[in-house]
Amino acid sequence: MAGMAPPTRQDTRKFIENLTGTGKSIAVLTSGGDAQGMNAAVRAVVRMGIYVGAKVYFIHEGYQGMVDGGANIKEATWESVSSMLQVGGTVIGSARCKEFRTHEGRLKAALNLVQRGITNLCVIGGDGSLTGANLFREEWSGLLEELQQQGLIDEVAASSNSELHIVGMVGSIDNDFCGTDMTIGTDSALHRIIEVVDAIMTTAQSHQRTFVLEVMGRHCGYLALVSALACGADWVFIPEMPPEDGWEDSMCQKLSENRDYKKRLNIIIVAEGAIDSHNKSITADYIKDLVVRCLGFDTRVTILGHVQRGGTPSAFDRILASRMGVEAVLALLEASANTPACVVSLVGNQAVRLPLMECVQMTQEVQKAMDEKKFDEAVRLRGGSFENNLSTYRLLSYRKSDSEIPNSSFNVAVMNVGAPAAGMNAAVRSAVRVGITEGHKMFAVNDGFEGFYKGQIKEIKWGDVGGWTGQGGSLLGTKRTLPAKHLDKIAEQMRIHNITALLVIGGFETCDRIKQSASGTKRRVFIIETMGGYCGYLASVGGLAAGADAVYIYEEPFDIRDLQSNVEHLTQKMKTSIQRGLVLRNESCNENFTTDFIYQLYSEEGRGVFDCRKNVLGHMQQGGAPSPFDRNFGTKIAAKAMQWITKTLKDSYKGGKVFANSEETACLLGMRRRAMVFQPVSQLRDETDFVHRIPKEQWWLKLRPLMKILAKYKTSYDVSDSGQLEHVSRVRPKATDAI
Ligand code: ADP
């Protein structure tokens, strides 16, 4: 694989090559409740640690293993974390440990670390585990003094281990930690919930049933809220938003209204910790009895329980955890005596470092605010992303009565273009409903620009998009036809229907659908072709999620020497205990180095050492039900786009007409680093490679070195973006910018 440009002398960028872990020992442990993706984090810490020349240790069974020592603390090897990426739970074990809460327990733990020269600790767990870690660090010098006084360690040991560096990663399915948009495990838990909801939907539909679904979240309503958004639930109960008194009547009224709109089923989602405004818990059974009593609907309760912790981690969690693991090692390498313990977290698509104690304190403040019934405050403290979920849910779940809806007298059309992608229907549903709520008359265009010029356009109502969130493909229909040749006819259609704004939804890529099942086979290399046109995002990010050995993409040119070195790399790998290989090739990465060519090259060169299988994923990548991430993302991005359209229409409305001739009236909405940004399409012209239909700069290219490092390649890695310790309040985008 071609490497990145090597660092030059005048360069101010910071590169991994200049950081070394030689002589350092890093220990990694998982603690508290398990979460899918913890293994990916452990794997990344181990491999990155070894890559930079450090010694890495596993601590089995969480803090218990650290207190007990012995065989619980064991040196890790590169191979020991092979095949871990796709496994749920935590392979190195987790536990709750009473002893670590005591001074004596922590003293024993300190001795075990000093005896092995471990002064870098990577803790993966919830806020409890991280609080414990912070305490341990604060006590460290005191603990060493005590050990020395007791004669258990000598002065040399005390001085050479005098600094303990700690970095935390939040593993928790509840997403209950302040300072990060997502915690490791949350997305996988959402997958489990949505699988169950999708399964229930078909049976509920057949029998016109109401389902009350209880999901985890004793203190945090994130899982419930996002599941409700992702499946278009009728009602959701979360601890942060107790319903007003008299909610029983409003809920029943809404359920029966929804049935009147021809909805054959109702879904109500309740977080474990849901309460009313008097702090009384609202249980699934209570809701069921209420619905049966008031409405006589056939109602069933499903409690998901530990299913939510189970199963394989999603692609999102694997990538998140891998990025965090690498970042954690960097943080440890750069830590000094004065750096406080930190957590690595995700804001937008950026990995950042935050002081651990600030995050823990903020998380505790949320609970305090809830205890004091300051619910608005609690929601605000949870951060922009949570607030945004809540406001989007409120906007979409409840159709205002006609008298509450303003009449904007604008007609807005929605259409899909390009290849169908999971999440498109969720986006259309959201756009239509938000548009109606804002008082517009909404129109749907079928079959993209082709349908548009042919006049396939008609009004679309609130009820028409019911149940669309969970559907794959594009229900409006989409074509790749470009509008250029038919602009006159399109303009005519816009005149006929008096369309004042157009929302175009297309060009999404989904990252969750690449799966591979290579484990169990011996000495085999899988060569997989992925879609994406000239865009190597799916291949690269899929490669990171699946632990690929090589990923060929158009954006990073490669030649025969790269192919040769990749084959040699795999031949070497087969000599170790890991005897599987995975190679991804983006469909348009190179005209001549086709998937068949690469397959044949690897087969020939690997003869006698490994054999090859090839697989072209093709349209399977666009099929299937959309993931929770795509549903949620589609929903929120479209709601935001529609709100922007309303504002822009109002701003450009003069004398009964809309004047939309400035550049700012045609924008693309997308995620840029930490926030959602509307960018004028005219500016995009300079940033776009039209021939290959990709942006000239792709943010995710920065993730490629990670994949290479984790696959044991020496590579250059620009780490200038990381390193700054930030503060919780500063990193948060405003609710209006968050997604
Ligand atoms: P989580 O990390 O998932 O929030 P817990 O709160 O149960 O889970 O914490 C896991 C473990 O972390 C505890 O069993 C204990 O060993 C340690 N721990 C938690 N809080 C503290 C604390 N205040 N001081 C020391 N250790 C703690």
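The values are calculated or read from the model by the stated rules, or taken from the named source; none is laboratory data. Just so we're clear, the structure is a prediction, and the values are computed from it rather than from any experiment. For neighbour counting, all protein chains shown are included, and Cβ atoms are generated from backbone atoms with ideal geometry for every residue, glycine included.
Any residue at all in region 139-156 that's more than 15 Å from the ligand (Cβ to nearest atom), among the aliphatic types (A, V, I, L, M) and more than 20 Å from residue 67 (Cβ to Cβ)?
Yes: region 139-156 contains one or more residues that are more than 15 Å from the ligand (Cβ to nearest atom), among the aliphatic types (A, V, I, L, M) and more than 20 Å from residue 67 (Cβ to Cβ).
Could you tell me which numbered condition residue 87 fails, if it satisfies all but one of (1) surrounded by fewer than 18 Cβ atoms within 10 Å (Cβ to Cβ); (2) of a type outside the set (D, E, K, R); (3) assigned to a helix (DSSP H, G or I)?
Every condition holds for residue 87 apart from (3).
What's the number of the only condition in (1) surrounded by fewer than 17 Cβ atoms within 10 Å (Cβ to Cβ); (2) without any contact (Cβ under 8 Å) to a residue 40 or more places away in the chain; (3) touching a strand residue (DSSP E or B) at 6+ places or on another chain (Cβ under 8 Å) that residue 65 fails to meet?
So residue 65 meets the others, but not (1).
Could you check region 367-426 and list, in sequence order, the residues that are hydroxyl-bearing (Ser, Thr, Tyr) and assigned to a loop (DSSP other than H, G, I, E, B)?
If the condition is that a residue be hydroxyl-bearing (Ser, Thr, Tyr) and assigned to a loop (DSSP other than H, G, I, E, B), then 398, 401, 408, 409 are the ones that fit.
The rows are residues; the columns are (1) out of contact with any Asp or Glu (no Cβ under 9 Å at 6 or more places or on another chain); (2) surrounded by fewer than 17 Cβ atoms within 10 Å (Cβ to Cβ).
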site: 383; (1), (2): no, no
site: 393; (1), (2): yes, no
site: 396; (1), (2): yes, no
site: 401; (1), (2): yes, yes
site: 404; (1), (2): yes, yes
site: 407; (1), (2): yes, yes
site: 411; (1), (2): no, no
site: 417; (1), (2): yes, no
site: 463; (1), (2): yes, yes
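So, restricting to strands (runs of 3 or more DSSP E) that lie completely within region 194-298, which ones have at least 2 residues that are aliphatic (A, V, I, L, M) and out of contact with any Gly (no Cβ under 9 Å at 6 or more places or on another chain)?
210-215, 266-271
Could you check region 483-506 and list, in sequence order, the residues that are over 20 Å from residue 659 (Cβ atoms) and assigned to a strand (DSSP E or B)?
Those that are over 20 Å from residue 659 (Cβ atoms) and assigned to a strand (DSSP E or B): 504, 505, 506.
Of all residues in region 54-95 being of a type in the set (Val, Ile, Thr) and under 26 Å from the mean Cα position of the chain (by Cα), which is farthest from the ligand (Cβ to nearest atom)?
Filtering region 54-95 for residues that are of a type in the set (Val, Ile, Thr) and under 26 Å from the mean Cα position of the chain (by Cα), the one farthest from the ligand (Cβ to nearest atom) comes out as 81.
Restricting to region 102-129, give me the number of residues that are touching a residue at least 40 places away in the same chain (Cβ under 8 Å), more than 7 Å from the ligand (Cβ to nearest atom) and either within 16 Å of residue 331 (Cα to Cα) or part of a loop (DSSP other than H, G, I, E, B) (or both).
9
Residues checked against (1) at pLDDT 90 or above; (2) over 30 Å from residue 243 (Cα atoms); (3) among the hydroxyl-bearing types (Ser, Thr, Tyr):
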| position | (1), (2), (3) |
| --- | --- |
| 318 | yes, yes, no |
| 346 | no, yes, no |
| 353 | yes, yes, no |
| 358 | yes, yes, no |
| 365 | yes, no, no |
| 381 | no, no, no |
| 386 | no, no, no |
